[in-house]
């Protein structure tokens, strides 16, 4: 893994949140699944930034950084991840999305994670 201590910390948090999201899904605790998916997206984004010696401190910063990654990689599907992660974060508070939507969001966020971890070697 390339990067620094912050990169390593964020990757570890990312993996923890993904693991917890799976556990909460089995427990049918969908609001917690949603928040863990948001956290997994935020931390993998922060890991990429940290590997480039950049810091993201706000929710908006995550969206803007993901947009810049989408442009850099010429991969507009990353813009969908911004919307998906934000809808997961909102669902933590509202708890109104059906399990199928949350499951699909989980699949997309995991695919995104695998893609960017390979691309940015983190």
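The values are calculated or read from the model by the stated rules, or taken from the named source; none is laboratory data. Remember, predicted model here, so these are calculated numbers, not experimental data. Positions of Cβ are generated from backbone atoms using ideal geometry, with glycine treated the same way; all protein chains shown enter the neighbour counts.
Take residue 100 and decide whether it is over 18 Å from residue 34 (Cα atoms) and exposed (fewer than 12 other Cβ atoms within 10 Å of the Cβ). In short, no. Checked against the criterion of being in a loop (DSSP other than H, G, I, E, B), free of Cβ contacts under 8 Å to residues at least 60 places away in the same chain and surrounded by 15 or more Cβ atoms within 10 Å (Cβ to Cβ), the candidates 81, 56, 69, 62 yield just one match: 56.
A Cβ distance below 9 Å, combined with a sequence gap of six or more or placement on separate chains, defines the contacts here; from the stretch 6-35, residues that are at positive phi reach residues that are part of a helix (DSSP H, G or I) in the pairs 28/99. Going by the structure shown, is residue 110 surrounded by fewer than 17 Cβ atoms within 10 Å (Cβ to Cβ), in a helix (DSSP H, G or I), touching a residue at least 60 places away in the same chain (Cβ under 8 Å) and out of contact with any strand residue (DSSP E or B) (no Cβ under 7 Å at 6 or more places or on another chain)? Yes.
What do you reckon, is residue 108 in contact with a helix residue (DSSP H, G or I) (Cβ under 6 Å, 6 or more places away or on another chain) and at negative phi? For residue 108, the condition - in contact with a helix residue (DSSP H, G or I) (Cβ under 6 Å, 6 or more places away or on another chain) and at negative phi - is met. Scanning the stretch 1-46 for residues that are surrounded by 21 or more Cβ atoms within 10 Å (Cβ to Cβ) and at pLDDT below 95 yields a count of 0. Do we have residue 119 as under 16 Å from the mean Cα position of the chain (by Cα) and surrounded by fewer than 16 Cβ atoms within 10 Å (Cβ to Cβ) here? The answer is yes for residue 119.
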